[in-house]
Amino acid sequence: MDISSSGLHSEDLENLIESNSNRATIQFDEVIGHIEDIIIGPTFKNIRDAFMDQNYYHFEDSEENKLIYTDIFQSYIQLVEAHLESELTRRIPELNFASFFNEIGHHKNELDGEVFELLRSFADFLSFKQMMIDYKCAKLSDELSGAIVVVGSAMNRNQ
């Protein structure tokens, strides 16, 4: 389309492009806000903790990656994506997921924070593996400190 013959001036075209860009940014920010609400919510924490409880014992802090890690990673991605998609669809029925993921690509250099760490963990196996190892260390530490308290209590009663 020829701008001069359409009646649109370059300034009008620039304003139209800027308006569309602002609308996309506002929608992107709205979706990110909802994702933040979802991932800090108790339902997401329960889903993620249950998944990690079922799978943490497979992971070891070594360079070697076992074949089962890939299956667990894929299951995690499916679980979290399904929950996020369900919640986002409930909160923003008109959301176009393809457009949203396209926007993530446009904003990738400015993305930081917990939400983006989580989104990166979907695409980055090593981040996921480290999350599982950290969870395992915390879990084993809790179990060990509980065992020390029990042993210490029993020793005090026997004296």
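The values are calculated or read from the model by the stated rules, or taken from the named source; none is laboratory data. As the structure is a prediction and not an experimental result, all values here were calculated from the model. Using ideal geometry, Cβ is built from the backbone for each residue, glycine included, and neighbour counts are taken over all protein chains shown. Side chains are part of the model used for accessible areas, which takes the heavy atoms of the whole protein and leaves out ligands, DNA and RNA. Shrake-Rupley method; radii C 1.70, N 1.55, O 1.52, S 1.80 Å.
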List pairs: first residue in the range 128-143 and on the phi > 0 side of the Ramachandran plot, second residue exposed (fewer than 12 other Cβ atoms within 10 Å of the Cβ) and among the acidic types (Asp, Glu) anywhere in the structure, Cβ distance under 6 angstrom, at least six positions apart or on different chains. none
Can you pull out the residues in the range 30-39 that are open to solvent by 20 Å² or more (accessible area, probe 1.4 Å) and free of Cβ contacts under 8 Å to residues at least 60 places away in the same chain? GLY33, HIS34, ASP37
Within the range 110-119, can one find any residue that is open to solvent by less than 50 Å² (accessible area, probe 1.4 Å), modelled with pLDDT under 80 and farther than 20 Å from ASN46 by Cα? yes
